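S.K.: Starting off with a structure, shown below.
The values are calculated or read from the model by the stated rules, or taken from the named source; none is laboratory data. Everything quoted here is computed from the prediction, not taken from an experiment. Virtual Cβ from ideal backbone geometry, glycine too; neighbours counted across all protein chains shown. When the accessible area is computed, the model is the full protein with side chains, heavy atoms only, and any ligands, DNA or RNA have been set aside. Shrake-Rupley method; radii C 1.70, N 1.55, O 1.52, S 1.80 Å.
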Amino acid sequence: MRVRLALSAAATSLIIAGLAAATPSHAGQIDDLTVNGTGTIAADGTITLSGTYRCLPDGTPGPVFVGSTLVRGNESTGIGGTHAVCDGQVREWTNTSKGTGSRYERGEATVRAHLVKLSTKSVLPMPQPLAHEEARVELK
């Protein structure tokens, strides 16, 4: 019985050591996205939304973007897109859209932001979601 327990403990230790050796160096870090609680509507109707993102390099080809959508009631409008740099650093994003502000007024709204990689492993680029955030914002 003691031999079985010793062998079992040794096998478990080997498996754990093997898993630790196979764990990527960025383990525990994740792709992340935030939305700032305030957006702006300029006099010419330009809407600006912002926040932060972090994405990790994964070694596969394809550009990464931060997209955002402004939602109020049953209306939604895409507000620009920002090319993302995936180096593991927290970076800022800012998206703007000119001329859409006439449909929106100052006050509370919802922003849906997405960090998406366009995977170019195949002939047709396929979106690969990395992170998303939905947040209430105050448009000023």
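S.K.: So, taking all protein chains as they sit and a 1.4 Å probe, how much accessible area belongs to residue 30, in Å² rounded to tens?
M.R.: 100 Å²
S.K.: Something else: Treating cross-link reach as a plain straight distance, find the aspartates and glutamates whose alpha-carbon is under 18 Å from the alpha-carbon of residue 121, omitting any fewer than eight places away in the same chain.
M.R.: Leaving aside aspartates and glutamates fewer than 8 places away in the same chain, those within reach of residue 121 are 58.
S.K.: Could I ask something else about it? In nanometres, what is the gap between the two model label sites at residue 128 and residue 40, each 7 Å from Cα along Cα-to-Cβ?
M.R.: 3.6 nm
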